1. Can you find, among Ser528, Ala353, Gly93, the residue sitting farthest towards the positive end of the charge dipole of the chain, where Lys and Arg contribute +1 and Asp and Glu -1 at Cβ?
2. Which of Lys105/Lys191; Lys240/Lys683; Lys105/Lys127 have a Cα-Cα distance over 27 Å?
3. Arranged from highest to lowest average of other beta-carbon atoms within 10 Å per residue, in what order do the peptides 161-168, 308-315, 130-137 appear?
4. What number, rounded to the nearest 500 deg cm²/dmol, is the helix-based mean residue ellipticity at 222 nm of the chain, given -39500 (n - 2.57) per DSSP H run of at least four residues and division by all its residues?
5. From the phi angles alone, apply the Karplus equation (6.51, -1.76, 1.60; θ = phi - 60°) to region 464-481 and give each ³J(HN,Hα) in whole Hz, x where the residue is Gly or Pro.
6. Using the alpha carbons of the chain, what is the convex hull volume per residue in cubic angstrom, as a whole number?
7. If I model a spin label at Ser528 and Glu624 as a point 7 Å from the Cα along the Cα→Cβ vector, what separation in nanometres do I get?
8. Kirkwood hydrodynamic radius, region 291-413, all distinct C-alpha pairs: what's the number in Å?
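Just so it is clear, none of the values below were taken in a lab; they were calculated from the coordinates. Quick caveat: nothing in here was measured; it's all calculated off a predicted structure. Counting neighbours? That spans all protein chains shown, and the Cβs are built from the backbone with ideal geometry, glycine included.
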Amino acid sequence: MSVYEQKTSPFSLRSFRAKFVLVVGGAVLFDLLVTGGLALWNVQRLSRDAALEVGRGLEIANQDYIRSYAESTAARVNLLLSQVHSDVNTLAGVLQEQIDRPVRKSEIGEAMARGAPGTVTVEYNAKGGWAQNRPGPLSVVSVWGYLLDANHVPLPDVQAEIENSAILDLVAPSLLANGQSKLQMYYIGPKERPIFRTAPYTDQAQTFDKLYPGHNKEDFWPFFFPGLYESWEQWARDPKSRPVNVDVTQTAPYTDAITGKLIVSFFQPLWSRDRQRVAGVAGTDITLDQLAEIVENVRVAENGFGFLAMSDGNVVAINPIGEKIIGLRASSETGKQGVTGLDRSLRRSTQTAIAKLPLERDGLLQHVLLEENGEKVPYLVVLKQLQPTNLWVSGPVRRETMQLGIVVPEREIYASLFAAQAGISEATNRILIYQMLALLVSLLFVTSAVFAVSKRITSGISALANAAKRIEAKDYSVRVAIPTRDEVGAAGTAFNRMAEQISYHTENLEQLVEDRTKEIEEANLQISALNEQLRSENLRLGAELAVARRIQMMVLPRAGELAEIPDLEIAAYMRPADEVGGDYYDVLKDGQRLKIGIGDVTGHGLESGVLMLMVQSVARALQEAGEMDPSQFLNRVNRAIYKNIIRTSTNKHLSLAFLDYDGRRLTLSGQHEELIVVRDATKVERIDTLDLGLPIGLEPDISPFVATREIAFDHGDLIVLHTDGVTEAENREGELFGIDRLCESARRRYGRTAEEVKEGILKDLMAHIGTEKIHDDITLVVMRHR
């Protein structure tokens with residue numbers, strides 16, 4: 001046996017087979033360990049990412065649910081208040097009709113006195129010092145001692161007031177039986193003769209004596225409601241002084257003199273025929289239980305609860321468990337004057353986080369930590385403002401916006417989140433175990449396979465190694481014979497072909513090099529020529545687009561031109577999506593007349609930009625020719641553009657609208673996006689232009705479709721024009737900026753200059769877009785009447 005054969009024994013560490021097993025087996029083992037480790041790491045990372053994403057989604061969904069629940073509960077409270085307001089308005093309407101029609105008032109009063117004497121006849125009570133009708137009528141009427149004469153009979157004008165107010169018996173029973181549940185409805189006379197008529201009948205004056213000793217010796221209005229009557233008198237002098245633009249006035253909760261319950265009263269003042277004085281009051285009471293029932297029945301998760309608070313933090317409705325959780329301390333103080341109220345303020349809560357809640361913020365969602373049994377427990381608090389009302393507490397009537405609060409333990413609202421995270425963790429652990437088992441099985445399989453094929457591969461590789469040495473010795477006639485049909489056999493076949501090619505190329509090397517060099521030189525020349533041609537074409541196209549963009553921007557109104565327009569501030573912005581845009585706006589001035597145009601060509605780019613320039617040129621030419629009529633102006637622009645579109649075979653058209661202003665009137669014509677008008681900080685008007693025209697360039701004659709609309713434009717008014725590039729701008733989630741966001745952005749900046757409004761809207765728009773690509777041209781024009 002030769003030395004070489006002895007060294008290649010399969011059991012020798014120097015043999016190729018042993019080396020093959022060690023190297024290939026080690027490499028495969030390393031690869032399995034690395035890939036397996038990476039797989040395990042990726043599974044763990046995927047688990048963390050999934051838990052985070054699910055957590056975010058569930059957190060947002062739960063918060064949206066709580067917000068929605070708060071909004072629906074607030075809507076129910078608002079509905080209750082609105083129904084009560086409606087009933088008070090109905091009663092006040094009937095009583096006001098009595099005042100406005102004295103003849104009818106007298107006739108009804110006399111008829112009631114004849115038909116039901118008990119409703120207008122009162123008897124003196126010596127112990128109380130007041131007079132009151134006996135039980136039997138539908139309503140009780142109480143007359144205080146200072147409204148009686150020396151014989152304890154109502155003064156003549158007081159008796160007339162008693163008779164005329166008897167109409168309450170005709171109206172109140174129906175209102176009490178229908179609509180929102182009410183405790184009582186009543187009429188109170190003016191401060192000169194404040195008789196008190198209430199339906200249904202109760203021991204009214206007797207109850208007053210118990211709860212408010214000495215009331216019969218004092219003037220009714222200053223004693224019970226100091227400052228309230230004076231506020232109404234101020235409204236009569238100046239209706240704009242009302243905190244909220246309604247007459248209905250709501251009281252804070254107080255103790256009812258008749259039932260002894262905590263109630264909320266709703267008053268609506270009645271006015272004299274000339275509307276200069278207060279002529280009495282219509283009113284109704286609801287118990288605090290009716291408001292509290294809605295709030296106290298709030299059930300979010302297992303232990304979530306709600307509360308209703310005044311803007312100063314005084315809680316008027318909450319269930320006992322909730323009161324304890326948020327640390328409220330209740331106190332009720334009775335003074336010598338005024339009704340008895342309830343004081344239970346969030347500001348004095350024993351829970352610091354509750355005491356610091358920003359109650360003025362509508363829609364607030366805040367995470368707080370509350371003390372429970374010596375531990376900090378996380379809660380979620382949502383605040384929702386109710387509709388504003390006129391509120392009397394003590395003193396002048398003020399504006400009040402109550403807050404509805406929802407408080408939920410985070411452990412309950414996020415229970416689904418915790419369950420999902422636990423499920424993901426369990427699934428991850430199961431996957432890790434399966435992955436490790438699969439890794440061990442793979443290692444066993446690979447090890448067995450390496451040993452099984454090593455012998456078969458070794459013989460072929462040895463033959464290839466010997467043949468390679470002969471090639472190295474420049475013996476190009478060598479060939480190998482490997483009978484196997486696997487990769488090693490294919491390598492042997494390839495080796496034989498390679499040896500043949502080496503032999504051929506060695507003999508013809510110089511000629512092959514010369515031919516290939518010539519081919520490469522010719523290809524390089526062709527590539528250089530193409531590159532030069534492409535560079536020239538790019539430069540030409542870039543120059544043409546730059547010129548087109550510069551021309552387009554040159555024809556836009558200059559800041560100096562806009563500043564010279566008297567009475568108006570105009571600020572404009574245009575940003576093309578490509579080098580050349582398809583949006584159009586212009587401000588054309590001819591003496592005292594002003595024409596403001598805005599349009600949007602379909603698509604964007606060079607063709608759209610050229611069409612925009614055509615519109616600007618035609619509009620300028622028509623104005624210079626003295627064409628003033630808005631409808632004719634728009635129709636002539638359409639005819640000119642239509643003919644150019646036909647000539648150029650361009651498949652384009654555009655929406656186009658014009659505003660004509662002559663210093664007094666503002667006339668709108670043409671079809672485009674909605675026009676936005678802001679007349680004060682609380683109201684936004686949207687004007688649809690769909691019926692004012694037809695897209696330009698579609699038809700040769702659009703005169704049957706063109707219409708105009710006069711728009712009021714007074715001092716301080718703000719008008720916003722825009723193209724759809726503003727409202728259809730998308731954020732990362734694909735959500736559009738939309739007309740509602742545009743209106744809100746303009747409304748919030750009412751009272752600022754046109755330039756400040758424009759910059760503010762653009763700031764909101766760009767914040768919405770973020771890093772997303774702008775797909776359409778953006779044009780914004782803001783006009784403000786100084």
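1. Ala353
2. As for pairs spanning more than 27 Å Cα to Cα, those are Lys105/Lys127.
3. 161-168, 308-315, 130-137
4. So the calculated ellipticity at 222 nm is -16000 deg cm²/dmol.
5. 5, 5, 5, 5, 5, 5, 5, 4, 4, 7, 6, 9, 7, 8, 5, 9, 10, 10
6. 295
7. 5.3
8. 15.1
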